[in-house]
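Asker: I have a structure here, written as structure tokens, and I will follow up with some questions on it.
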Amino acid sequence: MALLLALKKSPLRPQILVAPGSDAMSDLATCYPQLKVEELTGLVQLAQEEDVDLCIVGPEVPLALGLVDALEATGIPSFGPRQAAARIESSKAYAKNLMAQTGIPTAGYQTYTNRASALAALDDWDFPLVLKENGLKAGKGVTICQTKAEAQDHIADLDLSEDNPLLFEDFLQGFEFSLICLASGEKFLPLPVAQDYKAIFDGQQGPNTGGMGAVSPLPRLSGQVYQEAIDQVIQPTLRALAADHSSFTGFLYAGLMATDAGVKVIEFNARMGDPEAEVILPRLQADLLTAICQLLGLETDPAVSSDNLGTPAQTGLGSHSDSLLAGAGQGEAQVFPVTPHTCLGVVLSSPGYPGKVTDYPVIPQAFFEAAQAEGLEVIHMGTRKVPTGYQAAGGRVLMLTSQGQDIAHCREQIYSFLRDQQALIADFHYRTDIGLAALEN
Ligand code: AMP
Ligand code: GLY
């Protein structure tokens with residue numbers, strides 16, 4: 001939904017179709033709720049029937065299944081990696097091998113293809129030990145084991161094979177952050193950094209989730225660490241993918257740890273991050289869609305562009321004809337123009353999440369009206385419309401975002417609002433420490 005909101009703001013005034021979309025999105029775009037993200041044939045057919053000019057593939061599942069390849073075969077331009085390049089997310093083993101072969105800094109690791117060898121290897125590793133399942137796991141395939149017994153219990157439940165290996169990884173200590181770039185081949189344009197709060201409880205306690213909150217920018221991150229991430233991770237990764245016949249187009253997401261021994265990769269995603277998108281995209285001062293079109297070399301209708309791009313000050317572009325990409329990919333600190341404001345978001349989750357959710361409470365309409373009056377944006381994650389408001393339809397339900405001068409201001413705005421609304425959202429859970437880890441020490 002964050003991506004949809006950003007595209008909606010484009011001065012190119014795109015007509016937007018979303019498949020499948022959601023009740024909340026249907027106020028903003030034409031949605032196709034009958035289409036599932038894994039139904040490639042139906043998605044390509046829709047794109048053909050509607051004669052779309054550009055398909056932006058958001059989630060990881062259709063990317064891993066090869067939606068971009070299928071769209072390309074019919075001549076429809078898309079922004080997203082082909083199946084081979086999407087392996088950087090869909091196969092942790094592929095990503096780790098690529099990093100090992102090209103010297104991209106990451107945690108030490110080993111792959112195990114059966115339970116017996118994984119259990120036997122436990123004596124060779126220090127604890128905490130990170131265990132990672134190989135495929136797409138919606139942010140929940142990683143387990144950090146404090147003891148050997150915990151690791152044994154975890155491995156006992158897994159069904160390992162050549163196609164489904166388990167990775168052991170050294171535990172990295174440091175400051176975690178996300179750096180996402182728009183990329184096409186070796187050209188890239190970095191978006192502002194953000195931080196995802198993944199654990200279900202305050203202080204990074206409890207199991208990991210799809211993300212319980214996020215913040216951008218990160219006062220604690222130095223320019224030097226940022227530049228190291230660009231030079232030692234983003235650039236060489238795009239180069240390595242291009243050299244591996246898997247040239248990457250789309251959002252390249254690097255989950256990074258700034259450690260005492262330098263920046264190291266925790267994971268790559270082949271898409272925009274969630275919940276990072278919700279706090280990064282509102283900060284962009286130039287048009288995301290124009291940048292994507294420029295990267296892909298797509299013409300934007302000159303009549304539409306010159307009428308609607310507005311003044312340079314409004315768009316953040318130097319001038320209509322200036323490219324956002326001047327210098328991109330040459331290692332210069334070319335970044336997307338952004339506001340200096342902080343954007344911070346807090347997620348409300350359903351009872352039981354990230355375990356089994358059995359209860360899907362309703363958030364009354366009054367909550368949404370009060371948020372709007374307070375200047376807070378509500379970004380729906382898993383909701384369905386009901387006569388009295390929106391009912392939870394998934395583990396993570398919605399994210400409340402605030403834009404303000406700094407983290408303290410945003411936190412105060414969101415958390416005082418949530419306290420005031422407690423009676424309406426008593427069944428939901430949220431973390432109370434979003435943003436604190438991003439503050440300078
Ligand atoms: P991933 O799905 O790979 O992003 O992992 C989920 C979360 O687990 C990450 O965001 C980190 O907080 C944590 N994590 C993953 N790998 C490591 C590691 N090697 N060392 C420390 N924490 C990790
Ligand atoms: N925020 C991590 C992810 O999108 O997977």
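The values are calculated or read from the model by the stated rules, or taken from the named source; none is laboratory data. Computed from a predicted structure; not experimentally measured. Cβ placement follows ideal geometry from the backbone for every residue including glycine, while neighbour counts extend to all protein chains displayed. The area values use the complete protein model at the heavy-atom level, side chains included, leaving out ligands, DNA and RNA. Shrake-Rupley method; radii C 1.70, N 1.55, O 1.52, S 1.80 Å.
Asker: Within region 147-175, take every residue that is at pLDDT 95 or above and assigned to a loop (DSSP other than H, G, I, E, B) and give me the one that is most open to solvent (accessible area, probe 1.4 Å).
Answerer: Among them, the one singled out is Gln173.
Asker: In region 365-380, is there at least one residue being modelled with pLDDT under 95 and not in a strand (DSSP E or B)?
Answerer: Initially, region 365-380 is screened for residues modelled with pLDDT under 95, giving none.
Taking every residue of region 365-380 in turn, none turns out to be modelled with pLDDT under 95 and not in a strand (DSSP E or B).
Asker: Would you please name the residue that is nearest to Ala214 (Cα to Cα), looking only at residues in region 252-267 that are open to solvent by less than 20 Å² (accessible area, probe 1.4 Å) and near ligand 2 (Cβ under 10 Å from one of its atoms)?
Answerer: Filtering first and then ranking leaves Gly255.
Asker: Still on this model: When you scan region 116-134, do you find a residue that is open to solvent by 60 Å² or more (accessible area, probe 1.4 Å) and either within 30 Å of Ile56 (Cβ to Cβ) or of a type in the set (Gly, Ala, Ser) (or both), even just one?
Answerer: First pass over region 116-134, keeping only residues open to solvent by 60 Å² or more (accessible area, probe 1.4 Å): 116, 119-120, 123-124, 126-127.
Now restrict to residues that are either within 30 Å of Ile56 (Cβ to Cβ) or of a type in the set (Gly, Ala, Ser) (or both): 116, 120.
Yes, the conditions are met somewhere in region 116-134.
Asker: Please work out if Leu309 is buried (at least 22 other Cβ atoms within 10 Å of the Cβ), away from ligand 1 (no atom under 16 Å from the Cβ) and at pLDDT below 95. Steps first, answer last, please.
Answerer: Details: buried (at least 22 other Cβ atoms within 10 Å of the Cβ): no; away from ligand 1 (no atom under 16 Å from the Cβ): yes; at pLDDT below 95: yes.
Here the answer is no, as Leu309 does not meet what is asked.
Asker: Is it the case that some residue within region 392-411 is under 24 Å from Pro59 (Cα atoms) and touching a Cys at 6+ places or on another chain (Cβ under 7 Å)?
Answerer: Quick first cut of region 392-411, residues under 24 Å from Pro59 (Cα atoms) only: 392-401.
Okay, now just the ones that are also touching a Cys at 6+ places or on another chain (Cβ under 7 Å), so 401.
For region 392-411, residues under 24 Å from Pro59 (Cα atoms) and touching a Cys at 6+ places or on another chain (Cβ under 7 Å): present.
Asker: Quick check: anything in region 405-418 among the charged types (D, E, K, R) and either part of a loop (DSSP other than H, G, I, E, B) or without any contact (Cβ under 8 Å) to a residue 12 or more places away in the chain (or both)? Steps first, answer last, please.
Answerer: Of region 405-418, the ones among the charged types (D, E, K, R) are 406, 411-412.
Retained after the next criterion (residues that are either part of a loop (DSSP other than H, G, I, E, B) or without any contact (Cβ under 8 Å) to a residue 12 or more places away in the chain (or both)): 406, 412.
For region 405-418, residues among the charged types (D, E, K, R) and either part of a loop (DSSP other than H, G, I, E, B) or without any contact (Cβ under 8 Å) to a residue 12 or more places away in the chain (or both): present.
Asker: Exactly one of (1) within 27 Å of Phe248 (Cβ to Cβ); (2) touching a residue at least 24 places away in the same chain (Cβ under 8 Å); (3) away from ligand 2 (no atom under 16 Å from the Cβ) is unmet by Leu119. Its number?
Answerer: Among (1) within 27 Å of Phe248 (Cβ to Cβ); (2) touching a residue at least 24 places away in the same chain (Cβ under 8 Å); (3) away from ligand 2 (no atom under 16 Å from the Cβ), Leu119 violates only (1).
Asker: Condition check: open to solvent by 10 Å² or more (accessible area, probe 1.4 Å), β-branched (Val, Ile, Thr) and over 27 Å from Ser216 (Cα atoms). Does Thr143 satisfy that?
Answerer: no
Asker: State which residue is nearest to ligand 2 (Cβ to nearest atom) when the search covers only region 206-229 and only residues that are in a strand (DSSP E or B) and open to solvent by 40 Å² or more (accessible area, probe 1.4 Å). Break it down stepwise before answering.
Answerer: Within region 206-229, the first condition is being in a strand (DSSP E or B), and the residues that meet it are 206-208, 213-216.
When the remaining residues are screened for being open to solvent by 40 Å² or more (accessible area, probe 1.4 Å), the result is 206-208.
Working: Gly206: 17, Pro207: 15, Asn208: 10 Å.
Taking the candidates together, the pick is Asn208.
Asker: Name the helices (runs of 4 or more DSSP H) wholly inside region 1-114 in which the number of residues that are more than 25 Å from Gly141 (Cβ to Cβ) and more than 19 Å from the chain's Cα centre (by Cα) is 3 or more.
Answerer: Numbers: elements: 2-8, 40-49, 60-65, 67-73, 83-90, 92-102.
By residue number, 40-49, 67-73.
Asker: Still on this structure: Every residue in region 154-205 that is more than 16 Å from ligand 2 (Cβ to nearest atom), touching a Cys at 6+ places or on another chain (Cβ under 7 Å), touching a residue at least 60 places away in the same chain (Cβ under 8 Å) and not aromatic (Phe, Trp, Tyr), please.
Answerer: Answer for region 154-205, where residues must be more than 16 Å from ligand 2 (Cβ to nearest atom), touching a Cys at 6+ places or on another chain (Cβ under 7 Å), touching a residue at least 60 places away in the same chain (Cβ under 8 Å) and not aromatic (Phe, Trp, Tyr): Leu189, Pro190.
Asker: Do we find that Leu241 is in a helix (DSSP H, G or I), modelled with pLDDT of 95 or more and either more than 16 Å from ligand 2 (Cβ to nearest atom) or surrounded by fewer than 22 Cβ atoms within 10 Å (Cβ to Cβ) (or both) in this structure? Give the steps one after another, and end with the answer.
Answerer: Values: in a helix (DSSP H, G or I): yes; modelled with pLDDT of 95 or more: yes; either more than 16 Å from ligand 2 (Cβ to nearest atom) or surrounded by fewer than 22 Cβ atoms within 10 Å (Cβ to Cβ) (or both): yes.
Yes.
Asker: Condition first: under 17 Å from Asn208 (Cα atoms), open to solvent by 20 Å² or more (accessible area, probe 1.4 Å) and free of Cβ contacts under 8 Å to residues at least 12 places away in the same chain. Can you find one or more residues in region 356-366 that meet it?
Answerer: Scanning region 356-366, I find at least one residue that is under 17 Å from Asn208 (Cα atoms), open to solvent by 20 Å² or more (accessible area, probe 1.4 Å) and free of Cβ contacts under 8 Å to residues at least 12 places away in the same chain, so the answer is yes.
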